[in-house]
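See below for the structure under consideration.
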Amino acid sequence: MTLEEAYRRFSTERFGIPSKEQIGELETRIGVVFPDDYRRFLLEYNGAYFNEPEITPVGEDCPQDALTCLHGMGASHWEAELASDFYLTLFDDNDPPIIVPIGHTGMAGLIILITEAEGRGEIFLKQAFGDFYYLAEGIEEFFELLREPAKA
């Protein structure tokens, strides 16, 4: 599924689009440079709340989960604000951030973006009180994992 399709089908509240300058100011404030594909994502889509589409598990051990929110700049609620101190300080030795939480799931997991050399741009699921699971090489590939929730 493409970014556009996912936003059309699954988003319930989109956040306003930031400017290049605002993204640059955020990067300076937190001490990172976002991968190019993620910067494009912010400039074209920004974050949003979603109606919990399933995230297709990648690999045998990856748990089933659903997307609740992708954090964005100028979000309507604090828990959806990209690069808030709350999320950035969850991980030890993450200053400047090597991992940036960019979303959260229905099972209280976090969607994590790698911002440093090895793995730069990769996206992981961090289970609440659990392990990290590789999901995608970048934000566009992450959206390809989204699908309609299975009917009960």
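Every number in this text was worked out from the coordinates using simple rules, so none of it is lab data. Just so we're clear, the structure is a prediction, and the values are computed from it rather than from any experiment. Positions of Cβ are backbone-derived with ideal geometry, glycine not excepted, and every protein chain shown enters the neighbour counts.
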Hydrodynamic calc, the stretch 3-147: Kirkwood Rh from Cα pairs, then Stokes-Einstein at 25 °C with viscosity 0.890 mPa s, so D in µm² s⁻¹ is 163
Length gain on complete extension for the stretch Ser76 to Asn94, per 0.36 nm per residue less the alpha carbon to alpha carbon distance? 3.9 nm
With charges only on Cβ, +1 for K and R and -1 for D and E, what is the dipole size of the chain about its Cα centre, in debye, rounded to 20? 520
For the chain, give the share of DSSP beta bridges that are antiparallel, in percent and rounded to the nearest 5; count only bridges with both residues there. 95
Label-point separation in nm, Glu148 to Asp37, each point 7 Å along Cα→Cβ: 2.6
If each DSSP helix of 4+ residues adds -39,500 (n - 2.57) and the sum is divided by the residues in the chain, what number results at 222 nm, nearest 500 deg cm²/dmol? -6500 deg cm²/dmol
Any idea how far the Cα center of the stretch 93-152 sits from the one of the stretch 1-34, in Å? 15
